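FYI, it's all coordinate maths here, none of it is from the lab. Nothing here was measured: the structure is a model prediction, and the numbers come from that model. Here Cβ is always computed from backbone atoms with ideal geometry, including for glycine, and neighbour counts include all displayed protein chains.
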Amino acid sequence: QSKEQGRFQVQFFSAEARERQTVRYSMEKRLFKALERNEFRLYYQPMIDMVTGRTTGAEALIRWIGEDGTPIHPDQFIPLAEENGMIVPIGQWVVKTALNELSVWRGYGLDHLRISINLSARQLQEPDFLLNFLQMLSHSGENPEQVMIEMTETVVMRKAQESIDLLGALKAHRIKIAIDDFGTGYSSLSYLRRFPVDVLKIDRSFVRQIGEMGEDSEIVRLITLLARALSLEVCAEGVESELELSYLREFGVGSYQGYLSSPAIPSGSFVDWVLKSRAGSITP
Ligand code: C2E
Ligand code: MG
Ligand code: MG
Ligand code: MG
């Protein structure tokens, strides 16, 4: 009987797997064409100073505008793009577009805002990554100090020595470096000290539980203490409530992002948002 069941399951799963394969295949076909069809957009999520309430910059978050016009989130296609290598040209498009956004902001007198760009493992493994990145930066003529890159601790730790070299080179060009989703991966404190990092971004899973579960509050507090000891900035991700904000402020977290102030905003509306929020009509 269990043999029958087993056979049934095998068939069931293989049909499902085939279905998944088909979906993946058609998505992959569209992904290969997406760049030339100009289907990607960058949205910008404001980063807010905890003390002044001012916007200090924004994180560039990619969206893929699908056939029906709705934006597809990166979790739906970045893993696939990493597998098939499309992340490399997509990543270059992201860097170019984000740098261009800085010149748009400058046109509105917003030349103090920092742009933060996400990089995934595969992009950093490209031997030409650094050269390409620096070339795009110098062609753009933008101020490197307004540019921050984000990578997760897992990515950094997996190739620790290479990462130290790479981050060191970026740092030498005055580019800022943030560790994304901090606290969710594996990181060694001794390495953290050797990495030329500027910002720790506290993962939103800790922010979500703040106040409710004592332990997560303690983790956030500890990360803040750690950051202070190492002279790093701390940015909290995914802040959705005033209560979370007040805890984070009390812990000494320097800045935050989250739906409480704003989700990621399409490029054309971001400047408006900043100007309005500065005028005080948006009070986070
Ligand atoms: P991430 O860098 O950790 O970005 C934060 C994610 O949390 C974003 O999701 C953002 O929209 C979302 N978020 C922000 N505030 C809140 C909040 O208050 N509540 C909740 N529930 N969510 C919030 P998104 O845009 O879907 O991006 C997901 C991930 O995709 C990013 O995580 C990042 O790792 C990756 N990603 C995004 N853009 C790029 C890119 O241009 N290149 C690469 N390589 N990866 C990217
Ligand atoms: Mg990020
Ligand atoms: Mg994050
Ligand atoms: Mg993430």
In the chain, taking the dipole from +1 charges on Lys and Arg beta carbons and -1 charges on Asp and Glu beta carbons about the Cα centre, the listed residue (VAL156, LEU243, VAL220) farthest towards the positive end is VAL156
One checks the Cα atoms of the chain and finds Rg and Dmax, in Å, of 20.7, 74
Under 18 Å by backbone N from the virtual spin label 7 Å along Cα-to-Cβ at ARG194, the residues of the stretch 146-160 are 153-160
Length gained if ARG278 through GLU250 is fully extended, taking 0.36 nm per residue and subtracting the Cα-Cα distance, is 7.7 nm
Exposed trypsin sites (Lys or Arg not before Pro) being those in a DSSP loop with at most 13 other Cβ atoms within 10 Å, the longest stretch of the chain free of them is 38-173
Too long for a 28 Å Cα-Cα cut-off, among LYS33/LYS201; LYS33/LYS171; LYS96/LYS201; LYS29/LYS201; LYS171/LYS201; LYS96/LYS171, are LYS33/LYS201; LYS33/LYS171; LYS29/LYS201
Here the percent of antiparallel bridges among DSSP beta bridges lying wholly in the stretch 1-139, to the nearest 5, is 75 percent
With 0.36 nm assigned to each residue of separation and the Cα-Cα distance removed, GLN125 to TYR108 gains 2.5 nm
Helix 214-229: inclination vs the chain longest Cα principal axis, degrees, rounded to 10, gives 60 degrees
For the chain, averaging the sequence separation of alpha carbon pairs under 8 Å that lie six or more residues apart and dividing by its residue count, the contact order in percent is 18 percent
When the chain is treated as a Gaussian network with springs between alpha carbons less than 10 Å apart, the largest mean-square fluctuation among ASP68, ASP216, ASP203 is found at ASP68
Measuring from its Cα centre, the chain shows a charge dipole (+1 at each Lys and Arg Cβ, -1 at each Asp and Glu Cβ) which, in debye to the nearest 20, is 440 debye
